[in-house]
Amino acid sequence: MVASDGFAEFLCDQLAPLGKVTMRRMFGKTGVFCDGLMLGMVTDDTFYVRVDAQNRMAFKEAEASPPLNYRKKGATIDLAFWRVPERLLDEPDELVAWAREALAAARRVAAMRKRMSPDKSSASSRKC
(Lines give C-alpha, C1' and ligand atoms only; values in the text may rest on other atoms or scores of the structure.)
Protein backbone atom coordinates (compact mmCIF):
# COMPACT_ATOMS: atom_id res chain seq x y z
CA MET A 1 0.00 0.00 0.00
CA VAL A 2 1.31 3.47 -0.86
CA ALA A 3 2.18 6.13 1.71
CA SER A 4 -0.71 8.18 3.04
CA ASP A 5 -0.61 11.88 2.19
CA GLY A 6 0.09 12.77 5.83
CA PHE A 7 2.96 10.32 6.20
CA ALA A 8 4.46 11.35 2.87
CA GLU A 9 4.37 15.01 3.89
CA PHE A 10 5.89 14.20 7.30
CA LEU A 11 8.69 12.19 5.71
CA CYS A 12 9.44 14.88 3.11
CA ASP A 13 9.69 17.47 5.90
CA GLN A 14 11.96 15.24 8.00
CA LEU A 15 14.26 14.40 5.08
CA ALA A 16 14.47 17.95 3.67
CA PRO A 17 18.07 18.43 4.96
CA LEU A 18 19.19 15.82 2.39
CA GLY A 19 18.20 17.83 -0.66
CA LYS A 20 15.25 17.62 -3.04
CA VAL A 21 13.12 14.77 -1.68
CA THR A 22 10.32 13.44 -3.85
CA MET A 23 8.02 10.45 -3.72
CA ARG A 24 6.61 8.36 -6.52
CA ARG A 25 4.15 5.50 -6.50
CA MET A 26 5.62 2.30 -7.82
CA PHE A 27 4.82 -1.40 -7.53
CA GLY A 28 1.98 -0.66 -5.08
CA LYS A 29 4.40 1.13 -2.76
CA THR A 30 5.93 4.60 -2.62
CA GLY A 31 9.54 5.18 -3.66
CA VAL A 32 11.44 7.85 -1.71
CA PHE A 33 13.93 9.74 -3.87
CA CYS A 34 16.55 12.39 -3.21
CA ASP A 35 18.00 14.17 -6.21
CA GLY A 36 16.66 11.39 -8.44
CA LEU A 37 18.10 8.45 -6.47
CA MET A 38 15.83 6.03 -4.62
CA LEU A 39 17.00 5.88 -1.02
CA GLY A 40 13.92 4.22 0.43
CA MET A 41 10.41 2.93 0.07
CA VAL A 42 7.21 3.32 2.05
CA THR A 43 4.48 0.75 2.42
CA ASP A 44 1.63 0.96 4.91
CA ASP A 45 3.20 4.18 6.27
CA THR A 46 6.35 2.28 7.20
CA PHE A 47 9.66 3.68 5.98
CA TYR A 48 12.34 1.33 4.64
CA VAL A 49 15.88 2.44 3.70
CA ARG A 50 18.24 1.05 1.07
CA VAL A 51 20.84 -1.32 2.48
CA ASP A 52 24.03 -2.63 0.94
CA ALA A 53 27.19 -4.35 2.17
CA GLN A 54 28.81 -1.04 3.10
CA ASN A 55 26.03 0.36 5.30
CA ARG A 56 24.64 -2.89 6.72
CA MET A 57 26.43 -2.41 10.06
CA ALA A 58 25.08 1.16 10.43
CA PHE A 59 21.58 -0.30 10.19
CA LYS A 60 22.21 -3.21 12.58
CA GLU A 61 19.24 -2.12 14.72
CA ALA A 62 16.90 -2.64 11.75
CA GLU A 63 18.16 -6.14 11.03
CA ALA A 64 15.69 -7.67 13.50
CA SER A 65 12.70 -6.62 11.36
CA PRO A 66 12.02 -8.41 8.10
CA PRO A 67 13.21 -6.56 5.00
CA LEU A 68 10.77 -5.20 2.48
CA ASN A 69 9.70 -8.14 0.33
CA TYR A 70 7.14 -9.42 -2.11
CA ARG A 71 5.80 -12.79 -3.23
CA LYS A 72 6.54 -14.20 -6.65
CA LYS A 73 5.51 -17.67 -7.79
CA GLY A 74 5.06 -18.80 -4.19
CA ALA A 75 8.48 -17.57 -3.05
CA THR A 76 9.28 -14.55 -0.89
CA ILE A 77 11.74 -12.16 -2.52
CA ASP A 78 13.60 -9.92 -0.06
CA LEU A 79 14.53 -6.48 -1.30
CA ALA A 80 17.54 -4.44 -0.19
CA PHE A 81 15.40 -2.19 1.98
CA TRP A 82 15.24 -2.49 5.77
CA ARG A 83 12.56 -1.12 8.06
CA VAL A 84 13.51 2.01 9.97
CA PRO A 85 12.92 1.58 13.72
CA GLU A 86 9.79 3.50 14.75
CA ARG A 87 11.71 5.43 17.40
CA LEU A 88 13.51 7.30 14.61
CA LEU A 89 10.29 9.00 13.60
CA ASP A 90 10.66 10.97 16.86
CA GLU A 91 14.41 11.52 16.33
CA PRO A 92 14.73 13.72 13.22
CA ASP A 93 18.52 14.09 13.33
CA GLU A 94 19.06 10.35 13.58
CA LEU A 95 16.44 9.69 10.89
CA VAL A 96 18.34 12.02 8.55
CA ALA A 97 21.61 10.24 9.41
CA TRP A 98 20.04 6.90 8.43
CA ALA A 99 18.66 8.45 5.25
CA ARG A 100 22.15 9.79 4.39
CA GLU A 101 23.54 6.27 4.71
CA ALA A 102 20.74 4.97 2.49
CA LEU A 103 21.37 7.73 -0.06
CA ALA A 104 25.06 6.78 -0.16
CA ALA A 105 24.00 3.19 -0.89
CA ALA A 106 21.68 4.44 -3.64
CA ARG A 107 24.64 6.29 -5.19
CA ARG A 108 26.74 3.12 -5.09
CA VAL A 109 23.94 1.11 -6.71
CA ALA A 110 23.55 3.73 -9.45
CA ALA A 111 27.32 3.78 -10.09
CA MET A 112 27.44 -0.03 -10.25
CA ARG A 113 24.52 -0.14 -12.69
CA LYS A 114 26.20 2.47 -14.86
CA ARG A 115 29.44 0.44 -14.94
CA MET A 116 27.56 -2.75 -15.77
CA SER A 117 25.38 -1.34 -18.54
CA PRO A 118 26.73 -1.81 -22.03
CA ASP A 119 28.20 1.27 -23.65
CA LYS A 120 25.66 1.92 -26.38
CA SER A 121 27.92 4.30 -28.29
CA SER A 122 30.63 1.69 -28.81
CA ALA A 123 28.08 -1.05 -29.47
CA SER A 124 26.47 0.93 -32.26
CA SER A 125 29.81 1.55 -33.97
CA ARG A 126 30.98 -2.06 -33.73
CA LYS A 127 31.23 -3.88 -37.03
CA CYS A 128 30.35 -7.53 -37.38
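The values are calculated or read from the model by the stated rules, or taken from the named source; none is laboratory data. If you're wondering where the values come from, they're calculated on a predicted model, not measured in any experiment. Glycine gets a Cβ as well: all are built from the backbone with ideal geometry, and neighbour counts include every protein chain shown.
List of remarks:
- Counting only residues that are surrounded by 21 or more Cβ atoms within 10 Å (Cβ to Cβ) and in contact (Cβ under 8 Å) with a residue 60 or more places away in the chain, region 97-118 holds 5 of them.
- Residue list for region 1-36, restricted to those being surrounded by fewer than 19 Cβ atoms within 10 Å (Cβ to Cβ), out of contact with any strand residue (DSSP E or B) (no Cβ under 6 Å at 6 or more places or on another chain) and not in a loop (DSSP other than H, G, I, E, B): D5, G6, F7, E9, F10, D13, A16, P17, R25, M26
- Every condition in (1) in a helix (DSSP H, G or I); (2) modelled with pLDDT of 90 or more; (3) surrounded by 15 or more Cβ atoms within 10 Å (Cβ to Cβ) is met by E94 except one, and the failing one is (3).
- For beta carbons closer than 6 Å, sequence separation of 6+ or different chains, a first residue in region 3-19 that is at negative phi and touching a residue at least 12 places away in the same chain (Cβ under 8 Å) and a second that is part of a helix (DSSP H, G or I) and buried (at least 18 other Cβ atoms within 10 Å of the Cβ), the qualifying pairs are Q14/L95; L15/A99; L18/A99.
- Residue list for region 63-90, filter: under 18 Å from L18 (Cβ atoms) and not in a strand (DSSP E or B): V84, L88, L89
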